[in-house]
Amino acid sequence: STQMAACSLSPGCHITSCSQNWAPSQTGERMPQTPPFAAMFDSSGYNRNVYQSKEDSCGGLNYHDNNLLSGSLEALIQHLVPNVDYYPDRTYIFTFLLSSRLFMHPYELMAKVCHLCTEQQRLSEPGLDKNRIRKIAPKILQLLTEWTETFPYDFRDERMMRNLKELAQRIASGDEVYRKNAQQLLQNLIRKLATVSQYEEVLAKISATSTDRLTVLKTKPQSIQRDIITVCNDPYTLAQQLTHIELERLNYIGPEEFVQAFVQKDPLDNDKSCYGDRKKTRNLEAYVEWFNRLSYLVATEICMPVKKKHRARVIEYFTDVARECFNIGNFNSLMAIISGMNMSPVSRLKKTWAKVKTAKFDILEHQMDPSSNFYNYRTALRGAAQRSLTAHSNREKIVIPFFSLLIKDIYFLNEGCANRLPNGHINFEKFWELAKQVSEFMTWKQVECPFERDRKILQYLLTVPVFSDDALYLASYESESPENHIEKDRWKTLRFVSKV
């Protein structure tokens with residue numbers, strides 16, 4: 001049956017399930033290191049062992065069962081800043097840095113953190129007590145390390161960078177070791193920002209190349225157009241190369257982009273450098289564009305061949321690619337391929353589909369069926385995520401979620417709850433849930449691709465021209481004639497426009 005076959009494909013079905021509740025290990029070290037993301041959030045809430053027990057309401061913060069529920073913005077900022085006897089819980093740092101941008105610019109937060117560090121630790125005093133700085137400097141440096149490593153894009157803002165350098169300099173003045181650590185922190189950050197700038201330049205070049213080629217394709221179609229099967233006749237290899245592209249693009253998305261994607265710009269705010277700046281979600285947008293490109297590439301490859309049997313062969317080929325993407329845990333490419341095969345110009349090719357053995361495709365469609373809020377897909381995703389936790393190899397660690405649905409989930413989580421409570425407190429419980437979802441994504445995006453790169457295939461996937469909607473319909477009608485008045489009228493219009 002379809003259901004049985006679907007299960008045999010499921011990444012969750014051939015893994016050893018972990019019966020005990022997975023929770024982060026607790027070590028008693030005094031100076032926390034940046035944790036791997038998988039170890040940051042457990043299923044029950046904050047790492048309770050790390051959390052100090054406090055009264056239910058304390059200094060503008062409201063707790064229940066040791067979990068922070070809400071607080072005033074000032075109290076939450078204060079809670080972020082370490083002192084001689086205290087270092088904030090790591091999950092708190094991630095959650096607050098992620099969500100605070102809904103209430104203030106990161107550079108404003110950075111300025112407040114610097115001010116509090118300087119005031120509290122009396123770092124501005126001339127006769128600074130070396131002993132005192134030895135106790136506090138590693139903690140401030142650790143906070144800055146966690147910020148620069150997890151949210152490096154915040155520091156593309158010169159004001160952020162200036163504040164960071166000033167604070168690092170203050171701490172470093174006390175000791176040679178801290179000076180070296182501060183220098184290392186800045187070097188790592190600058191390297192990271194340089195890498196992302198290069199990546200953005202490459203994306204722009206790729207986009208320009210495919211636009212140029214599309215112009216040539218329209219004028220001399222046969223001169224440059226190859227097809228996917230001549231470039232890569234093995235569906236397994238193609239699925240692996242798609243996974244390369246997916247993991248590379250995922251890796252460049254900053255966690256804050258999920259939040260910035262739905263920050264509403266205040267129409268009364270005249271600060272043009274606010275979140276209206278497209279740079280803030282550029283990598284997230286580039287990834288969504290890649291999904292659309294892959295869907296259109298699939299549709300183009302199917303509609304282009306003149307012969308019916310060639311078109312059928314391409315459909316079967318992409319079905320095998322999609323199936324392998326599923327087995328790898330690459331759900332984003334899988335969904336893009338299915339979307340491409342379901343586009344009207346492709347689905348209307350009835351004579352072509354009659355030549356296709358559709359059983360495998362039906363199973364994949366069932367797996368990605370949107371009904372019951374994508375229940376089948378979510379089950380498969382959980383299976384892949386579980387496999388990833390107990391993985392022994394990078395291949396088993398791969399989890400590439402269907403990205404548009406991930407964004408939608410985060411969007412609805414944001415829309416469904418108020419940011420502030422009636423008393424003006426920030427609803428930290430909501431942001432805890434948001435951070436939990438984003439931190440899972442952070443674990444997945446850090447997986448290194450285990451497959452060998454094939455430059456020729458990658459170049460084809462990224463730069464080969466793809467048809468627009470109109471060009472797809474035109475190719476589709478030329479392959480199999482229009483069947484009704486609506487299609488006939490559309491074909492006439494398209495032929496007329498293409499000749500003009």
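The values are calculated or read from the model by the stated rules, or taken from the named source; none is laboratory data. None of these values were measured; they are calculated from a predicted model. All Cβ positions, glycine included, derive from the backbone under ideal geometry; neighbour counts span all protein chains shown. Protein only, heavy atoms only, side chains kept; ligands, DNA and RNA dropped before computing areas. Shrake-Rupley method; radii C 1.70, N 1.55, O 1.52, S 1.80 Å.
Annotation for region 392-488: trypsin sites (Lys or Arg not before Pro) lying in DSSP loop with at most 13 further Cβ atoms inside 10 Å of their Cβ are Arg453.
Surface analysis of region 67-190 yields an accessible area of 41 Å² per residue, using protein heavy atoms and a 1.4 Å probe. A simple count of charges around Tyr460, restricted to other residues whose Cβ falls under 10 Å of its Cβ and scoring Lys, Arg +1 and Asp, Glu -1, yields +1. Here the label points at Glu158 and Arg191, each 7 Å from Cα along the C-beta direction, are separated by 2.6 nm in the simple model. If you plug the beta carbon distance of Gln169 and Tyr236 into 1/(1 + (r/R0)^6) with R0 = 51 Å, you get a FRET efficiency near 0.45.
Spacing of the modelled spin labels on Arg395 and Asn423, each 7 Å from Cα toward Cβ, amounts to 5.5 nm. Taking the alpha carbon gyration tensor of region 67-190, multiplying each eigenvalue by 5 and rooting it gives semi-axes of 22, 17, 13 Å, largest first. Take the Cβ atoms of His485 and Lys355, set R0 to 22 Å, and the FRET efficiency comes out at 0.25. Relative contact order for region 67-190: 26 percent, from Cα pairs under 8 Å spaced at least 6 residues apart, divided by residue count.
Put a dot 7 Å past the Cα of Glu200, heading toward its Cβ, do the same for Asp65, and the two dots end up 4.4 nm apart.
For region 334-389, the fraction of C-alpha pairs farther apart than 15 angstrom is 59 percent.
Checking the Cα-Cα distances for Lys436/Lys456; Lys309/Lys499; Lys112/Lys280; Lys192/Lys430 against a 32 Å cut-off, the pairs over it are Lys436/Lys456. At full extension, Lys309 and Ser347 could sit 12.1 nm farther apart than now, given 0.36 nm per residue minus the alpha carbon distance.
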